[in-house]
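Worksheet for the structure shown next.
The values are calculated or read from the model by the stated rules, or taken from the named source; none is laboratory data. Bear in mind that the values here come from a model prediction, so they are computed numbers and not experimental data. Methodologically, a virtual Cβ is constructed for each residue, glycine included, from the backbone with ideal geometry; neighbour enumeration extends over all protein chains shown.
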Amino acid sequence: MPAHKSGGTLKATPALLSPTQRFMSDNHNPARGILYLCLGVFVFSAQDAIIKRVSGGYPLTEVVFIRSCVAGPILLYLVQRESGWRSIFATRLGTLTLRAIIMFGAYTAYYMAFPALPLADAVALYFTVPLFVTALAAPLLGEHTPWKVWAAVLLGFGGVTVMLQPGSGLFEPAALLSLAAAALYGLAMLMARKFGDTLSAAVMAFYQNAFFFIGAGLVALVLHQLGVVEAAHPSVEFLVRPWVMPTFTDGLLIATCGVVASAGMLFLTNAYRVARASTVTAFEYTGILWAPLWGFLFFSEVPRATTVAGAAIIIVAGLLALRLARRDA
């Protein structure tokens, strides 16, 4: 590929890069990181609505399996365009596999919350991601976390308490699934940031999708062998329900998730690759614009007052923590 000299090093001419390569090449670009993250959040919010729509009649493992089948060829094409198929077998296989396992756990927990919680509640609790990212940035990335930031993190979890209402008789255990998903997702995104200079977004997304495919199949097989086919709680029922042949409409919706997932994984992974975690994480909150809208339009859900109040506290605390972290960086 033709290149030109710049500062004593050879760089590929931007105009001659492929669209995918140009998309991936803007390391340490905050504006692009913010754009990628906002697009990823929007794309995944549409997938959330689809998965909640099918959660009453199909098992989660089947939905994830079909989604991964559709997403696989798309991501493989992106890997080829970006760095070639050989990059799939590049270095840090252990890191790629570990991150994929963490993401599989995060999304499994997140989706399991959908049948038991209003969409706005499940997503609002998931907005604790920036708080977990802030808390984990110190041990994983070596970023200093002053006491004011920790105070903001505690304030955010105060908002979680407002939403959960423990001891009121209204507590729904599935809410803990959203919190567990947020913690695991934050960990995975920090891993993307830490190793982003040596691992491409497409390769990370490919490994993530591959493990979703393998993991969903293995979980379904184990549950089948154990004879576990039903459960009392809707979240567990969503996981253990046996596979069935989807209708044409439902099958098309589930397959669409594969296209959506490919775009979403690429956008979100790139967001944390090209910009500091403390810069882009605040824009996870743009999801608050979409979850209540989809919940109202498709499921006739109206957010409770405690959901609105708790989500507001979480958002304020997360933004405050991120602002303080940047100021002391």
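Brief remarks on what is shown
- With a requirement of 3 or more residues that are within 23 Å of residue 99 (Cβ to Cβ) and modelled with pLDDT of 75 or more, the helices (runs of 4 or more DSSP H) lying completely within segment 114-205 that satisfy it span 119-126, 129-141, 175-194.
- Residues in segment 229-259 that are under 23 Å from residue 180 (Cα atoms) and either among the aromatic types (Phe, Trp, Tyr) or not in a loop (DSSP other than H, G, I, E, B) (or both): 234, 235, 236, 237, 238, 239, 240, 257.
- Residues being over 18 Å from residue 48 (Cα atoms) and at pLDDT below 85 are represented in segment 284-304 by at least one member.
- Residues in segment 51-67 that are in contact with a Leu (Cβ under 9 Å, 6 or more places away or on another chain) and surrounded by fewer than 20 Cβ atoms within 10 Å (Cβ to Cβ): 53 only.
- Residue 279 being part of a helix (DSSP H, G or I), touching a Gly at 6+ places or on another chain (Cβ under 7 Å), among the β-branched types (Val, Ile, Thr) and surrounded by fewer than 23 Cβ atoms within 10 Å (Cβ to Cβ): yes
- Pair list, Cβ under 6 Å, 6 or more apart: segment 285-298 residue in a helix (DSSP H, G or I), other residue among the small types (Gly, Ala, Ser): 287/45; 291/120; 292/120; 294/49; 295/120; 298/49
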